[in-house]
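One structure is given here, and the rest of the page talks about it.
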Amino acid sequence: MKTLNDINFKGKKALVRVDFNVPLDKDFKVTDNTRILAAKPTIDKILMDGGSVILMSHLGRPKAKEDKYSLRHILPELEKVLGQKIKFVPDSIGKEVEETVKNLKPGEILLLENLRFYPEEKKGDKDFAKALADLGADYYINDAFGTAHRAHASTAVIAQYFDKDHKAAGKLLEKEVTSIQKALDKGQKPVTAIIGGAKVSSKIGVIENLLNKVDNLIIVGGMAYTFLKALGNKIGDSIVEDDKIDLAKKILAEAKAKGVNVILPVDLVIADRFSNEAHTKVVSADNIPDGWQGLDIGPKTRELIDDLIQNSKTIIWNGPAGVFEFAKFAKGTESIGLSIGKASEKGAYSLVGGGDSVAAVKKLGLTDKISYISTGGGALLEMLEGKKLPGIAALTE
């Protein structure tokens, strides 16, 4: 895969797919500029070479051309982060865009309108992809890891209209791929993965692939109750996927055959209802009373996980240990974050991804301690599954 280091952009125009799908408040102000900051190194490299940049992205899930999803709303934050004025065209393709691209001078940046104002974007329409490719750029750069698992027009299809020498991965995309590969395929042993979240069904592929890569697999969050029930434990009213119990048994048997140490909660914080105001108590993981549900891991489980993490050289974490949005049930997730931060300071390589896991790391002020924080949700999961991502594969074809 070609990277930015292989190209000198002097006098050239680069069409860069970024992920500026950022949160906005009611006044359309950007509330978290992480994704804009993540794209800055790629934009800076092209400009420093003496090139110009055409940025394209999606924002939200518009059903039509809705102003609340217009990328013009992010211009003030984008200009602040990049430190310069940015041109904007209220369209993604067409004569006005082509004319603006034609007149773009070295050092200038143009932001196109929301790609998803065109339904053809998500459909992976070839004509729409070709229209983007024909805007007048010399190079196509994909720096949107967060959408690399989608075969959309601007992430995968467009690449076929640029030869191998004129398409490349941006700095963020390159960093994501090398960081995930480092943890998955080149990780120093022991390798420990902590997988959380509500459902086993959403992470079957991840778990099955990790069984070939890790020494320890820690299963927490809502999905843990399906595994606990598969072992014959009494789980009360906890979330469970009864149709996945046989699969959970199969995974546990497979792990045993491969010599992978699977860790499930040994104690739990349970509640009499799904609420931050619920009555709670700590019980053994094999005996949740009827009418109660597990909403977080207990203190013994937190200690057990901490001990495993401190003795690991490579750590992968995706998904919360409990109902993280309720302060009462956030201790388990926060404890895992602190443990990983501590292990990372001692030299372990840590990769963290997924909304709640990243939110916990940020909340605890651990951003600088974690080795790599992934910007991708679905894209990260698919890489952890061992899948080939269309947006990345297209850069090598």
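The values are calculated or read from the model by the stated rules, or taken from the named source; none is laboratory data. Everything quoted here is computed from the prediction, not taken from an experiment. Cβ: placed from backbone, ideal geometry, glycine included. Neighbour counts: every protein chain shown.
In this structure, LEU47 does not satisfy being part of a loop (DSSP other than H, G, I, E, B) and either in contact with a strand residue (DSSP E or B) (Cβ under 9 Å, 6 or more places away or on another chain) or acidic (Asp, Glu) (or both).
The number of residues in the range 349-385 being in contact (Cβ under 8 Å) with a residue 40 or more places away in the chain and over 17 Å from the mean Cα position of the chain (by Cα) comes to 1. Applying the criterion of being surrounded by fewer than 13 Cβ atoms within 10 Å (Cβ to Cβ) and of a type in the set (Asp, Glu) to the residues of the range 237-290, the residue that is farthest from ASP306 (Cα to Cα) is ASP243.
Criterion first (in contact (Cβ under 8 Å) with a residue 24 or more places away in the chain and under 15 Å from ILE235 (Cβ atoms)) does ALA271 satisfy it? So ALA271 fits the description; yes.
Each residue in the range 57-87 was checked for being more than 20 Å from ASP25 (Cα to Cα), in contact (Cβ under 8 Å) with a residue 24 or more places away in the chain and of a type outside the set (A, V, I, L, M), and 2 pass. Scanning the range 64-93 for residues that are in a loop (DSSP other than H, G, I, E, B) and out of contact with any Ser or Thr (no Cβ under 6 Å at 6 or more places or on another chain) returns ALA64, LYS65, GLU66, SER70, GLY83, GLN84, LYS85, ILE86, PRO90, ASP91, SER92, ILE93. Among the residues of this structure, LYS175 does not count as one that is of a type outside the set (S, T, N, Q), modelled with pLDDT of 95 or more and in the same structural domain as ILE309 (by TED's automatic domain parsing).
For ALA330, the conditions (1) in contact (Cβ under 8 Å) with a residue 40 or more places away in the chain; (2) touching a Phe, Trp or Tyr at 6+ places or on another chain (Cβ under 6 Å) are fulfilled apart from (1).
Every residue, every condition in (1) closer than 22 Å to LEU381 by Cβ; (2) within 24 Å of the chain's Cα centre (by Cα); (3) of a type in the set (S, T, N, Q), yes or no:
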residue: LEU210; (1), (2), (3): yes, yes, no
residue: LEU217; (1), (2), (3): yes, yes, no
residue: TYR225; (1), (2), (3): yes, no, no
residue: ILE245; (1), (2), (3): no, no, no
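Scanning the range 44-83 for residues that are closer than 13 Å to PRO23 by Cα and in contact with a Lys or Arg (Cβ under 6 Å, 6 or more places away or on another chain) turns up just one, HIS58. From the list LEU59, LEU75, the one residue that fits, being surrounded by fewer than 19 Cβ atoms within 10 Å (Cβ to Cβ) and either within 22 Å of GLY170 (Cα to Cα) or not assigned by TED's automatic domain parsing to the domain that holds LYS130 (or both), is LEU75. Of all residues in the range 40-71, those being in contact with a helix residue (DSSP H, G or I) (Cβ under 7 Å, 6 or more places away or on another chain), farther than 16 Å from LEU15 by Cα and hydrophobic (A, V, I, L, M, F, W, C) number 1.
Hey, any hits in the range 135-152 for a residue that's in the same structural domain as THR333 (by TED's automatic domain parsing), within 20 Å of LEU380 (Cα to Cα) and among the polar types (S, T, N, Q)? The answer is no; no qualifying residue exists.
Filtering the range 328-387 to residues that are basic (Lys, Arg) and in contact with a Lys or Arg (Cβ under 9 Å, 6 or more places away or on another chain) leaves LYS331, LYS342, LYS369. Of the residues making up the range 332-379, those that are assigned to a helix (DSSP H, G or I) and of a type in the set (A, V, I, L, M, F, W, C) are ILE336, LEU338, ILE340, ALA343, VAL358, ALA359, ALA360, VAL361, ALA379.
For the range 29-51, the count of residues that are touching a residue at least 24 places away in the same chain (Cβ under 8 Å), under 21 Å from LEU132 (Cβ atoms), outside the structural domain of SER374 (by TED's automatic domain parsing) and surrounded by fewer than 18 Cβ atoms within 10 Å (Cβ to Cβ) is zero.
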